[in-house]
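The values are calculated or read from the model by the stated rules, or taken from the named source; none is laboratory data. Owing to the predicted nature of the structure, the values given are computational and were not obtained by experimental measurement. Positions of Cβ are generated from backbone atoms using ideal geometry, with glycine treated the same way; all protein chains shown enter the neighbour counts. Accessible surface areas use protein heavy atoms only, side chains included; no ligands, DNA or RNA. Shrake-Rupley method; radii C 1.70, N 1.55, O 1.52, S 1.80 Å.
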Amino acid sequence: MKLRQLILILSLFLLPVALRAQGDSVAVLHEAVAEEGGSLNPGAIIIGHVTDAHSWHMFDYVGKDGEEHAVAIPLPIIVVNNGHVDVFSSSKFHHGHADYKGYRLIGGGMEKETIICVDESGEPLMNEDGSVAKPVDLSITKTAAAIFIAVLVLLVIIFVAGHKAKKNPKQAPSGLQNLVEMLVCHVRDEMAKPMIGERYEKYLPYLLTLFFFIFFCNCLGLIPFFPAGANITGNIAVTATLALITFFITNLSGNKHYWKDIFNTPGVPAWLKIFPLMPVVEVVGVITKPIVLMIRLFANMTAGHIVVLGFIVIIFILSNTFGVATGGAVSVISILFSVFIDVLECLVAYIQAYVFTMLSALYIGMAVVEPEEE
(Lines give C-alpha, C1' and ligand atoms only; values in the text may rest on other atoms or scores of the structure.)
Protein backbone atom coordinates (compact mmCIF):
# COMPACT_ATOMS: atom_id res chain seq x y z
CA MET A 1 0.00 0.00 0.00
CA LYS A 2 1.34 3.40 -0.97
CA LEU A 3 1.97 6.00 1.70
CA ARG A 4 -0.55 8.35 0.09
CA GLN A 5 -3.31 5.70 0.27
CA LEU A 6 -2.43 4.87 3.87
CA ILE A 7 -2.66 8.55 4.86
CA LEU A 8 -6.04 8.83 3.11
CA ILE A 9 -7.43 5.77 4.90
CA LEU A 10 -6.21 6.98 8.28
CA SER A 11 -7.68 10.44 7.60
CA LEU A 12 -11.08 8.97 6.73
CA PHE A 13 -10.91 6.78 9.83
CA LEU A 14 -9.94 9.56 12.22
CA LEU A 15 -12.29 12.21 10.78
CA PRO A 16 -15.42 10.90 12.58
CA VAL A 17 -13.34 10.57 15.75
CA ALA A 18 -12.22 14.19 15.58
CA LEU A 19 -15.75 15.35 14.80
CA ARG A 20 -17.04 13.33 17.73
CA ALA A 21 -14.59 14.89 20.16
CA GLN A 22 -15.26 18.36 18.77
CA GLY A 23 -19.03 17.84 18.84
CA ASP A 24 -19.00 16.63 22.44
CA SER A 25 -16.78 19.55 23.41
CA VAL A 26 -19.09 22.08 21.77
CA ALA A 27 -22.19 20.55 23.35
CA VAL A 28 -20.66 20.56 26.82
CA LEU A 29 -19.29 24.09 26.27
CA HIS A 30 -22.76 25.43 25.46
CA GLU A 31 -24.26 23.77 28.52
CA ALA A 32 -21.43 25.00 30.72
CA VAL A 33 -21.89 28.54 29.45
CA ALA A 34 -25.64 28.26 30.00
CA GLU A 35 -25.01 27.35 33.63
CA GLU A 36 -22.66 30.29 34.20
CA GLY A 37 -23.68 31.96 37.42
CA GLY A 38 -24.95 28.65 38.76
CA SER A 39 -23.23 25.46 39.77
CA LEU A 40 -21.92 23.17 37.05
CA ASN A 41 -23.48 19.71 37.37
CA PRO A 42 -21.14 17.27 35.56
CA GLY A 43 -23.30 14.23 36.32
CA ALA A 44 -26.43 15.81 34.85
CA ILE A 45 -24.54 16.89 31.71
CA ILE A 46 -23.04 13.44 31.11
CA ILE A 47 -26.12 11.37 31.91
CA GLY A 48 -28.29 13.79 29.94
CA HIS A 49 -26.23 13.04 26.82
CA VAL A 50 -26.43 9.23 27.06
CA THR A 51 -30.05 8.76 28.21
CA ASP A 52 -33.29 8.89 26.23
CA ALA A 53 -35.38 12.05 25.86
CA HIS A 54 -38.65 13.31 24.37
CA SER A 55 -36.83 15.75 22.06
CA TRP A 56 -33.56 15.64 20.15
CA HIS A 57 -31.55 18.10 22.22
CA MET A 58 -28.63 19.87 20.52
CA PHE A 59 -27.31 22.43 22.99
CA ASP A 60 -28.31 25.25 25.35
CA TYR A 61 -27.32 28.90 25.18
CA VAL A 62 -27.96 32.10 27.12
CA GLY A 63 -29.65 34.77 25.00
CA LYS A 64 -29.34 38.54 25.17
CA ASP A 65 -32.29 38.58 27.56
CA GLY A 66 -30.21 36.56 30.04
CA GLU A 67 -32.56 33.59 29.75
CA GLU A 68 -31.43 30.05 28.97
CA HIS A 69 -32.64 28.72 25.62
CA ALA A 70 -32.42 25.19 24.21
CA VAL A 71 -31.91 24.21 20.60
CA ALA A 72 -33.64 20.89 19.95
CA ILE A 73 -35.64 18.99 17.35
CA PRO A 74 -39.18 18.33 18.63
CA LEU A 75 -40.53 14.77 18.51
CA PRO A 76 -44.12 13.44 18.59
CA ILE A 77 -45.70 13.00 22.03
CA ILE A 78 -48.28 10.19 22.13
CA VAL A 79 -50.00 9.61 25.48
CA VAL A 80 -53.06 7.62 26.52
CA ASN A 81 -54.95 8.87 29.58
CA ASN A 82 -58.24 7.28 30.71
CA GLY A 83 -58.80 5.81 27.26
CA HIS A 84 -58.20 9.15 25.51
CA VAL A 85 -55.27 9.50 23.10
CA ASP A 86 -53.45 12.83 22.83
CA VAL A 87 -50.89 13.52 20.10
CA PHE A 88 -48.85 16.72 19.96
CA SER A 89 -45.29 18.00 19.55
CA SER A 90 -42.77 17.92 22.37
CA SER A 91 -42.12 21.62 21.66
CA LYS A 92 -45.39 22.35 23.49
CA PHE A 93 -43.60 21.56 26.74
CA HIS A 94 -40.97 24.26 26.03
CA HIS A 95 -38.27 21.89 27.32
CA GLY A 96 -40.09 21.23 30.59
CA HIS A 97 -41.01 24.88 31.32
CA ALA A 98 -44.69 24.70 30.35
CA ASP A 99 -47.71 22.41 30.73
CA TYR A 100 -49.89 21.36 27.81
CA LYS A 101 -53.31 19.68 27.72
CA GLY A 102 -52.99 18.70 31.37
CA TYR A 103 -49.54 17.12 30.97
CA ARG A 104 -46.11 18.14 32.21
CA LEU A 105 -42.65 16.88 31.27
CA ILE A 106 -40.40 16.44 34.28
CA GLY A 107 -36.92 15.04 34.81
CA GLY A 108 -33.89 15.20 32.56
CA GLY A 109 -30.22 15.10 33.43
CA MET A 110 -29.73 12.66 36.31
CA GLU A 111 -33.46 11.82 36.36
CA LYS A 112 -35.40 10.00 33.67
CA GLU A 113 -37.77 12.20 31.68
CA THR A 114 -41.37 11.44 32.60
CA ILE A 115 -44.76 12.84 31.61
CA ILE A 116 -47.20 13.39 34.49
CA CYS A 117 -50.80 14.62 34.70
CA VAL A 118 -51.54 18.05 36.18
CA ASP A 119 -54.71 20.02 36.86
CA GLU A 120 -55.64 23.47 35.57
CA SER A 121 -53.71 25.18 38.35
CA GLY A 122 -50.55 23.20 37.54
CA GLU A 123 -50.73 20.91 40.57
CA PRO A 124 -49.84 17.23 39.92
CA LEU A 125 -52.81 14.86 39.97
CA MET A 126 -52.54 12.03 42.48
CA ASN A 127 -53.70 8.42 42.36
CA GLU A 128 -55.61 6.78 45.16
CA ASP A 129 -52.42 5.19 46.48
CA GLY A 130 -50.76 8.62 46.79
CA SER A 131 -48.52 8.32 43.69
CA VAL A 132 -48.40 10.93 40.93
CA ALA A 133 -50.79 10.17 38.06
CA LYS A 134 -49.03 9.35 34.79
CA PRO A 135 -50.47 8.61 31.34
CA VAL A 136 -49.40 5.67 29.21
CA ASP A 137 -46.45 7.11 27.31
CA LEU A 138 -46.15 5.85 23.70
CA SER A 139 -44.11 8.81 22.47
CA ILE A 140 -41.49 8.66 19.71
CA THR A 141 -38.45 9.41 21.84
CA LYS A 142 -34.92 10.22 20.69
CA THR A 143 -33.89 6.56 20.72
CA ALA A 144 -36.98 5.46 18.77
CA ALA A 145 -36.47 8.21 16.19
CA ALA A 146 -32.80 7.26 15.85
CA ILE A 147 -33.78 3.61 15.29
CA PHE A 148 -36.12 4.64 12.46
CA ILE A 149 -33.34 6.69 10.89
CA ALA A 150 -30.77 3.91 11.30
CA VAL A 151 -33.07 1.27 9.81
CA LEU A 152 -33.99 3.52 6.88
CA VAL A 153 -30.37 4.33 6.03
CA LEU A 154 -29.34 0.69 6.49
CA LEU A 155 -32.12 -0.51 4.16
CA VAL A 156 -30.98 1.97 1.52
CA ILE A 157 -27.39 0.73 1.81
CA ILE A 158 -28.41 -2.95 1.58
CA PHE A 159 -30.82 -2.45 -1.33
CA VAL A 160 -28.30 -0.35 -3.27
CA ALA A 161 -25.62 -3.02 -2.80
CA GLY A 162 -28.09 -5.79 -3.67
CA HIS A 163 -29.32 -4.00 -6.79
CA LYS A 164 -25.74 -3.50 -7.96
CA ALA A 165 -24.98 -7.19 -7.40
CA LYS A 166 -28.08 -8.30 -9.39
CA LYS A 167 -27.36 -5.84 -12.17
CA ASN A 168 -23.78 -7.06 -12.69
CA PRO A 169 -23.67 -10.63 -11.32
CA LYS A 170 -20.46 -11.56 -13.14
CA GLN A 171 -18.60 -8.36 -12.31
CA ALA A 172 -16.23 -8.22 -9.35
CA PRO A 173 -17.81 -6.25 -6.47
CA SER A 174 -16.47 -2.80 -5.69
CA GLY A 175 -17.24 0.12 -3.41
CA LEU A 176 -20.32 -0.24 -1.23
CA GLN A 177 -21.21 -3.63 -2.69
CA ASN A 178 -17.76 -4.96 -1.82
CA LEU A 179 -18.09 -3.76 1.81
CA VAL A 180 -21.56 -5.28 2.26
CA GLU A 181 -20.59 -8.60 0.66
CA MET A 182 -17.47 -8.79 2.81
CA LEU A 183 -19.53 -8.35 6.01
CA VAL A 184 -22.17 -10.84 4.82
CA CYS A 185 -19.50 -13.46 4.11
CA HIS A 186 -17.89 -12.66 7.46
CA VAL A 187 -21.12 -13.38 9.36
CA ARG A 188 -21.84 -16.49 7.31
CA ASP A 189 -18.37 -18.07 7.37
CA GLU A 190 -17.11 -16.93 10.79
CA MET A 191 -20.29 -17.09 12.89
CA ALA A 192 -23.25 -18.93 11.35
CA LYS A 193 -21.52 -21.95 9.81
CA PRO A 194 -19.11 -22.80 12.66
CA MET A 195 -21.66 -22.22 15.46
CA ILE A 196 -24.86 -23.68 13.97
CA GLY A 197 -23.63 -26.24 11.47
CA GLU A 198 -25.57 -27.61 8.50
CA ARG A 199 -28.81 -25.78 9.39
CA TYR A 200 -27.17 -22.36 9.42
CA GLU A 201 -29.07 -21.04 6.37
CA LYS A 202 -32.36 -21.04 8.32
CA TYR A 203 -30.96 -18.60 10.89
CA LEU A 204 -28.57 -16.64 8.66
CA PRO A 205 -31.09 -13.84 7.83
CA TYR A 206 -31.64 -13.15 11.54
CA LEU A 207 -27.91 -13.16 12.30
CA LEU A 208 -27.19 -10.82 9.39
CA THR A 209 -29.94 -8.45 10.54
CA LEU A 210 -28.61 -8.56 14.08
CA PHE A 211 -25.01 -7.86 13.09
CA PHE A 212 -25.74 -5.06 10.62
CA PHE A 213 -28.22 -3.34 12.95
CA ILE A 214 -25.92 -3.37 15.98
CA PHE A 215 -22.80 -2.44 14.02
CA PHE A 216 -24.53 0.38 12.14
CA CYS A 217 -26.16 1.79 15.29
CA ASN A 218 -22.81 1.64 17.11
CA CYS A 219 -21.15 3.55 14.28
CA LEU A 220 -23.92 6.18 14.15
CA GLY A 221 -23.43 6.76 17.88
CA LEU A 222 -19.87 7.90 17.19
CA ILE A 223 -21.03 10.80 15.00
CA PRO A 224 -22.06 13.75 17.18
CA PHE A 225 -24.38 15.56 14.76
CA PHE A 226 -28.01 14.99 13.79
CA PRO A 227 -29.32 12.62 12.44
CA ALA A 228 -26.64 10.56 14.19
CA GLY A 229 -25.33 10.84 17.73
CA ALA A 230 -28.07 8.95 19.57
CA ASN A 231 -26.92 6.28 22.00
CA ILE A 232 -29.15 3.53 20.55
CA THR A 233 -27.31 0.44 21.76
CA GLY A 234 -26.57 2.23 25.02
CA ASN A 235 -30.29 2.02 25.80
CA ILE A 236 -30.99 -1.09 27.86
CA ALA A 237 -34.52 -1.39 26.42
CA VAL A 238 -33.01 -1.83 22.94
CA THR A 239 -30.42 -4.40 24.02
CA ALA A 240 -33.05 -6.22 26.10
CA THR A 241 -35.31 -6.50 23.04
CA LEU A 242 -32.49 -7.90 20.91
CA ALA A 243 -31.56 -10.37 23.65
CA LEU A 244 -35.19 -11.50 24.06
CA ILE A 245 -35.47 -12.18 20.32
CA THR A 246 -32.38 -14.39 20.53
CA PHE A 247 -33.83 -16.05 23.65
CA PHE A 248 -37.14 -16.93 21.94
CA ILE A 249 -35.51 -18.10 18.69
CA THR A 250 -33.10 -20.30 20.65
CA ASN A 251 -35.68 -21.96 22.88
CA LEU A 252 -38.41 -22.29 20.26
CA SER A 253 -35.88 -23.95 17.94
CA GLY A 254 -34.53 -26.30 20.63
CA ASN A 255 -34.82 -29.99 19.79
CA LYS A 256 -35.57 -32.83 22.20
CA HIS A 257 -31.88 -33.35 22.95
CA TYR A 258 -31.55 -29.70 24.00
CA TRP A 259 -34.38 -29.97 26.53
CA LYS A 260 -33.23 -33.43 27.63
CA ASP A 261 -29.79 -32.06 28.47
CA ILE A 262 -31.44 -29.37 30.59
CA PHE A 263 -33.83 -31.51 32.63
CA ASN A 264 -31.94 -34.83 32.46
CA THR A 265 -28.30 -33.80 32.20
CA PRO A 266 -26.16 -36.75 31.04
CA GLY A 267 -23.16 -37.80 33.09
CA VAL A 268 -24.60 -36.39 36.32
CA PRO A 269 -25.22 -38.59 39.42
CA ALA A 270 -28.84 -39.63 39.86
CA TRP A 271 -29.20 -37.96 43.26
CA LEU A 272 -28.43 -34.58 41.69
CA LYS A 273 -31.25 -35.14 39.19
CA ILE A 274 -33.71 -36.19 41.86
CA PHE A 275 -32.82 -33.30 44.17
CA PRO A 276 -33.04 -31.54 41.45
CA LEU A 277 -29.92 -29.39 41.57
CA MET A 278 -28.64 -29.69 38.02
CA PRO A 279 -31.97 -28.94 36.26
CA VAL A 280 -32.25 -25.76 38.34
CA VAL A 281 -28.69 -24.77 37.37
CA GLU A 282 -29.43 -25.46 33.69
CA VAL A 283 -32.67 -23.47 33.73
CA VAL A 284 -30.88 -20.55 35.39
CA GLY A 285 -28.27 -20.77 32.64
CA VAL A 286 -30.98 -20.55 29.98
CA ILE A 287 -32.32 -17.38 31.61
CA THR A 288 -28.95 -15.73 32.23
CA LYS A 289 -27.73 -16.10 28.63
CA PRO A 290 -29.93 -13.29 27.24
CA ILE A 291 -29.24 -11.20 30.35
CA VAL A 292 -25.50 -11.43 29.64
CA LEU A 293 -26.09 -10.41 26.01
CA MET A 294 -28.21 -7.45 27.12
CA ILE A 295 -25.86 -6.10 29.77
CA ARG A 296 -22.62 -6.58 27.81
CA LEU A 297 -23.75 -4.51 24.82
CA PHE A 298 -25.46 -1.87 26.96
CA ALA A 299 -22.54 -1.44 29.39
CA ASN A 300 -19.78 -1.31 26.78
CA MET A 301 -21.47 1.22 24.52
CA THR A 302 -22.61 3.45 27.39
CA ALA A 303 -19.22 3.35 29.13
CA GLY A 304 -17.39 4.70 26.09
CA HIS A 305 -19.72 7.69 25.81
CA ILE A 306 -19.46 8.43 29.53
CA VAL A 307 -15.66 8.28 29.53
CA VAL A 308 -15.38 10.68 26.56
CA LEU A 309 -17.82 13.15 28.11
CA GLY A 310 -16.00 12.80 31.42
CA PHE A 311 -12.73 13.95 29.86
CA ILE A 312 -14.50 16.95 28.30
CA VAL A 313 -16.30 17.94 31.51
CA ILE A 314 -12.99 17.90 33.42
CA ILE A 315 -11.95 20.98 31.40
CA PHE A 316 -14.84 23.05 32.74
CA ILE A 317 -14.57 21.71 36.29
CA LEU A 318 -10.93 22.79 36.48
CA SER A 319 -11.74 26.11 34.78
CA ASN A 320 -14.37 26.89 37.41
CA THR A 321 -12.10 25.78 40.25
CA PHE A 322 -8.63 27.04 39.28
CA GLY A 323 -9.29 29.50 36.50
CA VAL A 324 -9.55 29.59 32.71
CA ALA A 325 -5.77 29.22 32.21
CA THR A 326 -5.74 25.86 34.01
CA GLY A 327 -8.76 24.65 32.04
CA GLY A 328 -7.12 25.70 28.79
CA ALA A 329 -3.91 23.85 29.65
CA VAL A 330 -5.78 20.69 30.61
CA SER A 331 -8.01 20.88 27.52
CA VAL A 332 -5.18 19.69 25.25
CA ILE A 333 -4.68 16.53 27.31
CA SER A 334 -8.44 15.96 27.67
CA ILE A 335 -9.06 16.25 23.94
CA LEU A 336 -6.18 13.87 23.17
CA PHE A 337 -7.54 11.30 25.62
CA SER A 338 -11.03 11.79 24.16
CA VAL A 339 -9.74 11.10 20.66
CA PHE A 340 -7.92 8.00 21.94
CA ILE A 341 -11.10 6.67 23.58
CA ASP A 342 -13.06 7.42 20.40
CA VAL A 343 -10.56 5.37 18.39
CA LEU A 344 -11.14 2.50 20.82
CA GLU A 345 -14.89 2.99 20.44
CA CYS A 346 -14.56 2.52 16.69
CA LEU A 347 -13.04 -0.89 17.43
CA VAL A 348 -15.57 -1.64 20.17
CA ALA A 349 -18.42 -0.81 17.77
CA TYR A 350 -17.38 -3.78 15.62
CA ILE A 351 -16.36 -6.08 18.48
CA GLN A 352 -19.70 -5.71 20.29
CA ALA A 353 -21.66 -6.42 17.11
CA TYR A 354 -19.44 -9.45 16.46
CA VAL A 355 -19.72 -10.80 20.03
CA PHE A 356 -23.50 -10.35 20.24
CA THR A 357 -24.05 -12.06 16.87
CA MET A 358 -21.51 -14.81 17.52
CA LEU A 359 -22.99 -15.67 20.94
CA SER A 360 -26.51 -15.64 19.47
CA ALA A 361 -25.34 -18.10 16.81
CA LEU A 362 -23.66 -20.21 19.50
CA TYR A 363 -26.83 -20.38 21.62
CA ILE A 364 -28.93 -21.31 18.58
CA GLY A 365 -26.36 -23.92 17.55
CA MET A 366 -26.44 -25.51 21.01
CA ALA A 367 -30.24 -25.75 20.75
CA VAL A 368 -30.47 -27.33 17.29
CA VAL A 369 -27.37 -29.54 17.18
CA GLU A 370 -27.96 -33.27 16.83
CA PRO A 371 -25.80 -35.55 18.99
CA GLU A 372 -23.31 -37.77 17.21
CA GLU A 373 -24.23 -41.43 17.03
CA GLU A 374 -22.00 -43.72 19.08
If the label point is 7 Å along Cα→Cβ of Asn41, which residues in segment 109-124 have backbone nitrogen under 19 Å from it? 109-116
Note on segment 214-373: contact order normalised by length, alpha-carbon pairs under 8 Å, 6 or more apart, percent, works out to 33
Potential extension, Ala165-Leu362 segment - 0.36 nm per residue separation minus Cα distance: 67.9 nm
Quantify, in whole percent, the carbon and sulfur part of the accessible surface of segment 220-311 (1.4 Å probe; protein heavy atoms only). 79
Place the peptides 321-327, 181-187 in order of packing, highest mean first, counting for every residue the other Cβ atoms within 10 Å and averaging per peptide. 181-187, 321-327
With every protein chain left in place, what is the accessible area per residue of segment 234-374 in square angstrom, probe 1.4 Å? 53
Please report, as a whole percent, how much of the solvent-accessible surface of segment 100-185 comes from carbon and sulfur atoms (probe radius 1.4 Å). 63
Calculate, for segment 66-179, the solvent-accessible area per residue in square angstrom, rolling a 1.4 angstrom probe over the heavy atoms of the protein chains. 64
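Of the listed peptides 161-170, 239-248, 355-364, what is their order by residue-averaged count of other C-beta atoms within 10 Å, with the highest listed first?
355-364, 239-248, 161-170
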Using a 7 Å offset from the Cα along the Cα-to-Cβ direction at both Ile236 and Phe322, what is the distance between the two label points in nm, to one decimal? 3.6
Would you mind getting me the FRET efficiency between Lys92 and Ser121? Use the beta-carbon distance for r and R0 = 25 Å, nearest 0.05. 0.85
Subset of Lys92/Lys112; Lys167/Lys202; Lys202/Lys256; Lys170/Lys193; Lys164/Lys193; Lys256/Lys289 violating a 23 Å alpha-carbon distance limit: Lys167/Lys202; Lys170/Lys193; Lys164/Lys193
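Please list, by residue number, every one of the GluC sites (Glu not before Pro) in segment 73-144 that is coil in DSSP and has at most 16 other beta-carbon atoms within 10 Å. Please report the intermediate quantities before stating the final value.
Working: sites: Glu111, Glu113, Glu120, Glu128; in loops: Glu120, Glu128.
For GluC sites (Glu not before Pro) across segment 73-144 that sit outside H, G, I, E and B with at most 16 neighbouring Cβ atoms in 10 Å, the list reads Glu120, Glu128.
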Note the full-extension length gain between Lys112 and Val156 as 0.36 nm times their separation in residues minus their Cα-Cα distance, in nm to one decimal. 12.5 nm
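Arrange the peptides 218-231, 147-160 so that the one whose residues have, on average, the most other Cβ atoms within 10 Å appears first.
Values: 218-231: 20.1, 147-160: 14.3.
Output ranking for 218-231, 147-160: 218-231, 147-160.
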